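Where a number appears in this text, it was derived from the coordinates with a stated rule and is not lab data. As the structure is a prediction and not an experimental result, all values here were calculated from the model. Reconstructed Cβ throughout: ideal geometry from the backbone, glycine too, with neighbour counts over all protein chains shown.
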Amino acid sequence: MNATLKLLASAPWSAKFGIFIILGYAFVAIFAPVLTPYGETEIVGAEFELWGDGFILGTDSLGRDMLTRLIYGARNTIGIAFLTTILAFLLGSVTGFLAAAISGWVDQLLSRVVDVLMAIPALIFGLLVLTIVGTSITNMVLVIAVLESTRVFRLARAVAMGIVVMDYVEAARLRGEGLWWIMSREVLPNALPPLVAEFGLRFCFVFLFISALSFLGLGIQPPTADWGSMVRDNATLITFGDITPLMPAAAIALLTVAVNFVVDWFLHKASGLKE
Amino acid sequence: MKSDNKLSSAMNTDVSRRGFLGGTAALGVTAASTSALMGKKAYAAKKGGHLRAGIAHGSTTDSLDPATYENGFSLALDYTLFNHLGEVDHTGTVKPELAESWEASPDAKTWSFKLRQGVEFHNGKTLEASDVIASIEYHMGEDTKSAAKSLLKQVKSMKADGKNEVVIELEAGNADFPYVISDYHIAIKPAKDGKIDPTEGIGTGPYALENYEPGVRLMANKNKNYFKSDRGHFDQVELITIIDLAARQNALTTGEIDMMDRADLKTVHLLKRQKGINVMETVGYKHYTMPMRTDTAPFDSNDLRLALKYSLDREELVKKILRGHGVVGNDHPISPTNQYHAEGLAQRMYDPDKAKFHFKKAGMEGTTIQLSAADAAFPGAVDAAVLYKEHAAKAGIDIEVVREPNDGYWSNVWMKKGWCACYWGGRPTEDWMFTTAYAAGADWNDTFWKHDRFNELLLAARAELDSDKRRTMYYEMQEIVSNDGGVVVPMFANYVFAATDKILPSEQMAGNWELDGSKFAERWSFA
Amino acid sequence: MSQILKMVAQRFALGFLTLFIVSLIIFLGIELLPGDIAEEILGQSATPETVAAFRKELGLDVPAHIRYFDWLWGMLQGDMGRSLANKREISELIGLRFGNTLFLAVTAAAISVPLALTLGVLAALYRHSFYDRAVNVVTLSSISFPEFFVAYILIFLVSVTFPIFPSIANISDATPFWDKVYKVLLPALTLTLVVVAHMMRMTRAAIINLLASPYIEMANLKGLSRARVIVKHALPNALAPIINVVVINLAYLIVGVVVVEVVFVYPGLGQLMVDSVSKRDLPVVQASAMIFAGTYVLLNLLADILSILTNPRLLHPR
């Protein structure tokens, strides 16, 4: 515990800022019902009320409190996006490492499956599958996770390919170490930095994918608040210079920046550079 | 109603448009003498210019085939290139177009259409009765896929009487037949060996096709031989598909296009403030509905239907979904602009107590009702459903909003799910609307509703020649639909569209479709 | 080198296998989607009778597997068939649009790839500086915004407020070349903002990941300048993951830009495919899918060849 605190204290300001923001978002997401002045779907006023006067950030197009929607949006959007991204990384990196470590027909098989999945435009694929199986949150998380995992697979495999030809892996093989040992002790630690870097962006792409799905009417079920749909619902306002849709977009952007600041710090640590 | 079609005299009806005109004026659409539109030029339309119109519809799968016209782009294309036997004017009355006049037998069973003489197709061919018959026949018979098929089922036989007259015999009398035969699908095309080529773009319309790239654009040049000498002012018309709302509005404000349909209601107040932009609005027949399947539980209980009808605050929907660009509905499909709109019928109000009472009486307490919606049904449908849920909650009714994919909405949700959101362009006549979607067994009876008294009245009213009797019957039918029908009609939506101030629209615009009955290319000009 | 040729041949064979499987999946997917082309085109006005007549006209009453093999047989002979919806020759329909899609992708790539690599190398060179942070914040924010939103903001700035670029890119084949370039600049810029962060960050990460390697320290000890160490020593070894990310993004520029096409009214292949999926116009969906899949396979092969060429260990496996 002490060591962790010390480590945190030694972090650059950007990483501290990132951690602070992430913790803040987590706090808001967890305590959403306590923090919000109104209910998530409650209609509390006229449409597009101005800032102030009982509604700190005004109301949305149906007269729901904007601040409340933003806070609940944090809960729903972040929850779904992180769950999906983590699933995608588990699936993608394990299969990627396997393909690189075993090579041969396993590699061929996995690579071809991934090729096929990636060769079909993701949005079309999502549209096909979700229309057929239905758009429950579980289905959406699974479908997006599988689609995103193909991108992770490619990266994981590419990085691991560079590692498994290294002398130390060769040595481990000759020592008779098992596949699992090689993957977890040799490949994973060395492949982690690029994967973590990818993670910082992937989760953002998941937001965007959900928002693109809502473009086709397939996203999260209303009246659940989510940031992607909130941007889309009000997007046309921006072309008249009205900044309402910037708020949920900025909420996503701030989180992305924060996560990536932490990722950068980790990369720096992992690289072993002493600067 | 048909002041200059011979039907009125032939059938000795005395239909005055006055009541109707008063109604529209009150709604903010001024209707004046027809001469402004049909007769001499009342204001200076400039000849020439290249019109670029941004249209909210159009798919790469569209075609020139009139059997499958289905969206706003097909409508605009249709009225740019083609003519029909009649056209609906700004008062909602059908006027002869390619027909010079029409006449009905006293029982309204036999209709003869006298064609205008000397009308030429874009390829130089002269219009004859055989062209008209072939164009209509294309939508009839076993093998047609035409959307107008069920409309034309009432046609028993057709024959040419000389080169310039077509006689159509109906299965049963229909006083409104000139409206039906002027439906936009029934575009008149040149016949060759008794058949039209549906994929060809040759018509008699104000512009001749230059090129058409489905889902992208249509280019058409002025038809120099157009038979209406005071119409079709532009040299060239370009219809551009711009599906994205913001893109369309930006294109208009930056001068990439001259006019557009479907203004975004959320931002129309901001658009109005832009310099050089005119926002226009017409009241038509378009209404949004939420049909319930009355043939399946739980919607077979009229108490449940009433409970749901009472648990919606229609005013708020008009305010928030239409932003005031429309009027509240009364749970029947007859628009305030329709001739026999039941004005005396009490407006259904939001009444949670009554809703609670009927909900309890239906024995539904504690159950959840699913309402399917997608923005494919109408813009804002999902939001409307969410508002509905909130309103109903106050009556203790739990509505679960199910957002369906836009993709395949009309084939998988509409007329399949128990209760869903839907949209109707509406019809200019009561009979047409009721026959299409409320008559027992009709193809598009989306509530699967069957009411004996209603169906009796429908047949009687269709054949009834006395306007007052007709009015009484249509009033009763509206009341029946409102109190017993399976449809919630929250609102009638206005058409809201915009043009730059370089465009001079008609003085009075038709409301049967958006953009002046979709005939802007013919009726508008540069200022 | 023969190693590579062998691989290329092998990959081409596998590529065809991929295309075949993709075509099967698409076919099954469209068949499984509720509703068929007759219902979707007739839309709200469909009745059982008209749908049946339409199906008969289109030959949809033939069993699915026969239709698939008919399609496959035609495809093998280079005949993509005709659109079910409007009977147009698919090769002609798609040729034009694929050209447009490539044109936009190439323009966007020409801006974004050099930009991303330069920004990334500079960020690695001046890591933790104000420049590094600023570039990160800006690019990260830009990818956090949905594409259509980035497009709206750009339109608001450079075509509504300051009328520099047209707000829609409605080109046709008659549009002169430079006019086309001018019209696609705004969509290309939008796409650049969308893809640059990904490539730039991977470049930076891949380089930094190598900086602690013994050979880099060696180079540092030799007293080489930081810039020289990074460009000459670190970058070549970091190329594999960078190439991978660049290729993924290139593929995205071709395959995934349907939203940008919609917002800028650009007649590309993505819009055609979405329209055709929603109307169940199977031959057009298949043909578009084949083109997208083919593009992907080729780009992928390119990435692998480049990765091998830049990594001697992979070039000469023991």
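Annotations
- Size-normalised alpha-carbon gyration radius of segment B:249-367, reference 2.2 N^0.38 Å: 1.43
- GNM flexibility winner over chain A from A:GLY104, A:GLY24, A:GLY45 (Cα, springs under 10 Å): A:GLY104
- Calculated P(r) tail over 33 Å for chain B, as whole % of Cα pairs: 40
- Exceeding the 21 Å Cα-Cα cut-off - candidates B:LYS360/B:LYS394; B:LYS319/B:LYS360; B:LYS46/B:LYS228; B:LYS114/B:LYS145: B:LYS319/B:LYS360; B:LYS114/B:LYS145
- For chain B: relative contact order, % (alpha-carbon pairs under 8 angstrom, 6 or more apart): 21
- P(r) weight above 36 Å for chain A, C-alpha pairs, percent: 27
- Chain C: most fluctuating residue of C:GLY81, C:GLY223, C:GLY99 per GNM, C-alpha cutoff 10 Å: C:GLY223
- By the count of other C-beta atoms within 10 Å, a proxy for reagent exposure, A:VAL259, C:VAL106 are ordered fewest to most as C:VAL106, A:VAL259.
- Alpha-carbon Rg with Dmax, taken over segment C:1-153, Å: 23.9, 71
- Rg ratio for the protein assembly as shown: its Cα radius of gyration over 2.2 N^0.38 Å, N being its residue count, equals 1.01.
- Ordered by the count of other Cβ atoms within 10 Å of each Cβ, fewest first, C:GLU39, B:GLU514, B:GLU507 give B:GLU507, C:GLU39, B:GLU514.
- Cα centroid separation, segment B:386-427 to segment B:314-345 (Å): 18
- Taking the C-alpha atoms only, the angle from helix C:90-125 to the longest principal axis of chain C is near 20 degrees.
- Computed [θ] at 222 nm, helices only, for chain C once each DSSP H run of length n ≥ 4 contributes -39500 (n - 2.57): -24500 deg cm²/dmol
- Number of Lys-Lys pairs in chain C with C-alpha atoms under 21 Å apart and a separation of 8 or more places or on different chains: 4.
- Scaled against the 2.2 N^0.38 Å expected of a compact globular protein of N residues, the Cα radius of gyration of segment C:105-278 reads 1.21.
- Helix C:64-76 and the longest principal axis of the C-alpha atoms of chain C enclose an angle of approximately 60°.
- Between the Cα long axis of helix C:282-310 and the first principal axis of chain C there is an angle of about 20°, rounded to the nearest 10.
- Partner shielding of C:241-247 amounts to 4, given as the average count of beta-carbon atoms from other chains within 10 Å of each residue beta-carbon.
- Residue by residue along A:253-266, Cβ atoms of other protein chains within 10 Å of the local Cβ number 4 on average.
- Screening chain A for whole DSSP H helices of 20 Å or more along their axis (Cα) with average Kyte-Doolittle hydropathy at least -0.5 returns A:13-30, A:66-102, A:104-119, A:137-164, A:188-215, A:246-271.
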